[in-house]
1. Which FRET efficiency, nearest 0.05, do N131 and F232 yield, Cβ-Cβ r, R0 41 Å?
2. Using only C-alpha atoms and all pairs of different ones, pull out the Kirkwood radius for segment 6-271 in Å with one decimal.
3. Would you calculate the separation in nanometres between label points at T245 and H177, each defined as 7 Å from the Cα along the Cα-to-beta-carbon direction?
4. In whole angstrom, how far apart do the alpha carbon centroids of segment 198-243 and segment 104-123 sit?
5. Considering only I21, I248, I125, give the residue with the highest GNM mean-square fluctuation for the chain, with springs between Cα atoms whenever their separation is below 10 Å.
6. Once the piece of chain linking V256 and L208 is laid out straight, how much longer is it, given 0.36 nm per residue of separation minus the C-alpha distance between them?
7. Which whole number in µm²/s is D for segment 90-189 by Stokes-Einstein, with the Kirkwood Rh taken over Cα pairs at 25 °C and 0.890 mPa s?
8. Take peptides 23-32, 77-86, 177-186 and line them up by average Cβ neighbours within 10 Å, highest first, as a rough protection proxy.
Amino acid sequence: MTRRPLLFWVGSVLLAIFAGIAVLAPVLALHDPRQPLALPLSTPSRHHLLGTNDLGQDNLSRLIYGTRSSLIVAVSVTVLSTALSWIAGLAAGFVHRLESLLIGLVDLLLALPDLPLILLVLTLIGATQANVILVLGLLSWPAFARVVRAIVIGARVSPYVEASRALGGTSAHIIVHHLLPATLDAVPTKLVLTVRYAVFAEATLAFLGLSGGNTISWGEMLNQTFRDPLLFSRDVWPWLIFPPTVAITALILATVWVGSGLTTHRTTVRSGKFLP
């Protein structure tokens, strides 16, 4: 048995807490996050533990529902981006006729500036949560497609692939049983970087007002907060800024810690060594 780093378990617990909050948001939120319930910009009290925003909405309930929104975007973007990375990388590395086309597309997307392109596309098609997921997923796969392609090119000339081909193995068999497993060591890194990218990107877009009008997210909470020109003259400002900021930071750190632990574990198992 190999021992995982302590931060891996801390990150795992944090991710489990975030997931639980997202799933149980309707139960955990004591108030309707969209309904004005108290005086605007109230400081924390027994009924509103994190106070209220400028519309009198409960900050804690909005934070809880924001967890669900942020995780939906992060998980959806990660699944879409990872699938595209591996499909394009496997195709480019194994099918010679597709290599030039796919690598040309990868180079084009990598050359384009992300944020201006995202803003342009969302302005044209509409800033809904589904569109945010689609745009972020379609723009975050090229870099790792190159990584997967490089791994596949190295693996396709290996002795075990040549042996499989000599024994009559089909292309599908070689891809599924030999090439795809050879790329799995890159999965933790891909997941970590994509979740971090998705959380930051969604928060940034929401902060800029491009998360969809009815979506409650951590970035949207910060957007609403910083529209107040007298924000820092109010006693409630720490309760408006710090909770969503800490939530974004904690989710990203938890993902990095878990991904680092998975990478270390796989490397340790493959090398036959034990962690100190």
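Where a number appears in this text, it was derived from the coordinates with a stated rule and is not lab data. A quick note: this is a predicted structure, and the numbers were derived from the prediction, not measured. Positions of Cβ are generated from backbone atoms using ideal geometry, with glycine treated the same way; all protein chains shown enter the neighbour counts.
1. Computed FRET efficiency for N131 and F232: 0.75.
2. On the way: mean 1/r = 0.0486 Å⁻¹.
Final number for the Kirkwood radius of segment 6-271 is 20.6 Å.
3. Spacing of the two 7 Å Cα→Cβ label points: 5.6 nm.
4. If we compute the Cα centre of each part, the gap is 25 Å.
5. Most flexible of the set in this elastic network: I125.
6. Numbers: separation 48, 0.36 × 48 = 17.28 nm, distance 2.55 nm.
My answer for the length gained is 14.7 nm.
7. For the chosen part, D equals 159 µm²/s.
8. Values: 23-32: 14.3, 77-86: 20.8, 177-186: 16.5.
Result, highest mean first: 77-86, 177-186, 23-32.
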